[in-house]
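J.: Just passing along the structure, written as structure tokens.
The values are calculated or read from the model by the stated rules, or taken from the named source; none is laboratory data. In this text, all values refer to a predicted model and were calculated from it rather than measured experimentally. So basically every Cβ, Gly included, is an ideal-geometry build from the backbone, and we count neighbours across all protein chains shown. Surface areas here come from the heavy atoms of the whole protein model, side chains and all, with no ligands, DNA or RNA. Shrake-Rupley method; radii C 1.70, N 1.55, O 1.52, S 1.80 Å.
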Amino acid sequence: NIEDFIAQEDIVITYTQDGYLKRLPLSTYRRQRRGGKGKIGMTTKTEDFVDQLFVTTNLHDILFFTNKGNVYKRRAYQIPEGGRTSRGVAIVNLLGIDKEEHVTTLIPIKSNELEESKVNKENNEKYLFMATKKGKIKKVTLSSFSNLRNVGITALRLLPEDELVGVRLAENQEDVVLTSRLGRSIRFSGNLIRSMGRSALGVRGMIFGSQDYLININLVEPDSEKDLLLITEGGYAKRTSLKEFRRFKRQGSRGMMSIKLTKEKGEVIAVKVVEEEDEIVLISQQGIVIRVPVEEIHKTGRYSQGVKVMNLAPEDKVASVALISGERANLD
């Protein structure tokens with residue numbers, strides 16, 4: 001077996017707007033203090049920018065969920081390793097997706113977890129929660145994807161002009177937290193959502209104003225001591241205890257304000273559930289990367305504005321944010 005000759009290591013996977021994918025050792029990115037300038041992490045074309053950055057290990061399975069509601073599977077080591085400033089390989093060559101399709105979420109799955117979920121689904125079933133731009137949410141069993149091969153399958157049926165924005169794997173009975181582009185969040189029990197088949201549309205999870213839409217879904221334990229971290233396009237970050245977000249008795253409302261936005265800060269670009277010992281990696285549209293400890297972002301209330309964590313050029317914006325758990329952050 002070729003995997004007997006592959007040593008396990010933590011890696012960073014980057015994916016650009018034009019569909020270029022690569023992996024690098026996590027140690028490539030050194031830590032910096034809050035407000036640093038970062039360093040170049042990728043060379044891109046003028047019209048291209050880094051869209052997503054993901055941390056995993058090279059022996060995990062990766063589920064690739066696309067904006068069109070399809071899902072593909074590859075082993076992490078099958079993603080070609082690139083240099084620090086290289087663009088990587090075109091994802092159309094790796095997954096065979098359409099040009100109009102792009103990856104919205106990458107989910108790491110432990111070796112054989114998909115097969116085990118099919119065998120043990122009656123005793124220890126796991127679920128995937130999916131959320132769309134228009135606020136739809138859907139709950140699907142992990143075993144529904146146990147037969148994935150090189151060809152993708154439908155994970156979610158979408159309405160016209162809607163798209164899949166995020167997918168999360170549920171480990172236990174958890175709460176769902178949905179967050180919008182204009183900084184509103186709603187929290188409710190995942191038990192309110194019944195399990196559905198792969199072809200189902202889902203149910204309403206959140207409603208919005210005319211200029212707003214959903215950008216993120218997170219899952220948290222009901223008694224979680226963690227924080228909700230929001231990062232804006234202008235390089236600002238805001239950390240608030242999850243205890244300040246009350247649990248709604250039903251899904252489908254506008255939720256609560258989670259950050260006070262200004263023109264300088266821009267709109268919310270990423271939302272993460274974090275702990276003190278975690279770190280975040282921010283990457284800008286121009287390919288600049290910075291790694292910042294979460295503890296340097298002071299905890300504040302829901303109505304505060306946050307602090308600046310990345311200095312950007314006037315024409316640059318934050319494009320993507322990856323979370324590094326405290327355990328991985330201390331490896332290098």
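J.: Inside the range 301-316, can you point out the residues that are surrounded by 18 or more Cβ atoms within 10 Å (Cβ to Cβ) and modelled with pLDDT of 90 or more? Spell out how you get there, then give the answer.
T.: Let us first name the residues in the range 301-316 that are surrounded by 18 or more Cβ atoms within 10 Å (Cβ to Cβ), namely 306, 309-310, 312, 316.
Once the filter is applied, which keeps residues that are surrounded by 18 or more Cβ atoms within 10 Å (Cβ to Cβ) and modelled with pLDDT of 90 or more, the range 301-316 yields V309, M310, L312, D316.
J.: Residues of the range 87-116 being outside any loop (DSSP other than H, G, I, E, B) and of a type in the set (G, A, S), which ones?
T.: Residues of the range 87-116 outside any loop (DSSP other than H, G, I, E, B): 89-95, 103-109, 113-116.
Answer for the range 87-116, where residues must be outside any loop (DSSP other than H, G, I, E, B) and of a type in the set (G, A, S): just A90.
J.: Please go through the range 131-146 and pick out each residue that is open to solvent by less than 10 Å² (accessible area, probe 1.4 Å), touching a residue at least 60 places away in the same chain (Cβ under 8 Å) and outside any strand (DSSP E or B).
T.: G135, F145, listed by residue number.
J.: Evaluate the following for T46: is it modelled with pLDDT under 75, surrounded by fewer than 17 Cβ atoms within 10 Å (Cβ to Cβ) and hydroxyl-bearing (S, T, Y)?
T.: It is true that T46 is modelled with pLDDT under 75, surrounded by fewer than 17 Cβ atoms within 10 Å (Cβ to Cβ) and hydroxyl-bearing (S, T, Y).
J.: In this structure, is Y72 at pLDDT 70 or above, open to solvent by 30 Å² or more (accessible area, probe 1.4 Å) and of a type in the set (S, T, Y)?
T.: It is false that Y72 is at pLDDT 70 or above, open to solvent by 30 Å² or more (accessible area, probe 1.4 Å) and of a type in the set (S, T, Y).
J.: With (1) over 30 Å from G266 (Cα atoms); (2) at pLDDT 90 or above; (3) surrounded by fewer than 19 Cβ atoms within 10 Å (Cβ to Cβ) as the list, and R149 as the residue in question, which single condition is left unmet?
T.: (2)
To keep it simple, each residue is scored yes or no on (1) without any contact (Cβ under 8 Å) to a residue 24 or more places away in the chain; (2) assigned to a strand (DSSP E or B); (3) touching a Leu at 6+ places or on another chain (Cβ under 6 Å); (4) surrounded by 15 or more Cβ atoms within 10 Å (Cβ to Cβ).
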position	(1), (2), (3), (4)
G197	no, no, no, no
I215	no, yes, no, yes
L229	no, yes, no, yes
T240	no, yes, yes, yes
R250	no, no, no, no
I259	no, no, yes, yes
K265	no, no, no, yes
E277	no, no, no, no
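J.: Kindly indicate whether G152 is in contact (Cβ under 8 Å) with a residue 12 or more places away in the chain, under 17 Å from D212 (Cα atoms) and of a type outside the set (D, E).
T.: Numbers: in contact (Cβ under 8 Å) with a residue 12 or more places away in the chain: yes; under 17 Å from D212 (Cα atoms): no; of a type outside the set (D, E): yes.
Spelling it out, it is not the case that G152 is in contact (Cβ under 8 Å) with a residue 12 or more places away in the chain, under 17 Å from D212 (Cα atoms) and of a type outside the set (D, E).
J.: Here's a follow-up. Restricting to the range 65-86, name every residue that is under 16 Å from the mean Cα position of the chain (by Cα), more than 13 Å from R149 (Cβ to Cβ), assigned to a strand (DSSP E or B) and not hydroxyl-bearing (S, T, Y).
T.: F65, the sole residue that qualifies.
J.: For residues that are within 26 Å of I109 (Cβ to Cβ) and either touching a Cys at 6+ places or on another chain (Cβ under 9 Å) or open to solvent by less than 20 Å² (accessible area, probe 1.4 Å) (or both), tally how many sit in the range 163-188.
T.: First, the residues of the range 163-188 that are within 26 Å of I109 (Cβ to Cβ): 163-179, 187-188.
This time we only want the ones that are either touching a Cys at 6+ places or on another chain (Cβ under 9 Å) or open to solvent by less than 20 Å² (accessible area, probe 1.4 Å) (or both), so: 164, 166-167, 170, 175-179, 187-188.
Residues that pass the stated criteria total 11.
J.: Any residue at all in the range 238-258 that is at pLDDT 90 or above, among the hydrophobic types (A, V, I, L, M, F, W, C) and closer than 22 Å to L53 by Cβ?
T.: Scanning the range 238-258 turns up no residue that is at pLDDT 90 or above, among the hydrophobic types (A, V, I, L, M, F, W, C) and closer than 22 Å to L53 by Cβ.
J.: Moving on to the next point. Which one is most open to solvent (accessible area, probe 1.4 Å), of the residues in the range 279-300 that are closer than 30 Å to S86 by Cα and assigned to a loop (DSSP other than H, G, I, E, B)?
T.: Here is the first cut: in the range 279-300, the ones closer than 30 Å to S86 by Cα are 279-294.
Now narrow it down to the ones that are assigned to a loop (DSSP other than H, G, I, E, B): 285-287.
On the way: Q285: 62, Q286: 81, G287: 0 Å².
Out of the qualifying residues, it is Q286.
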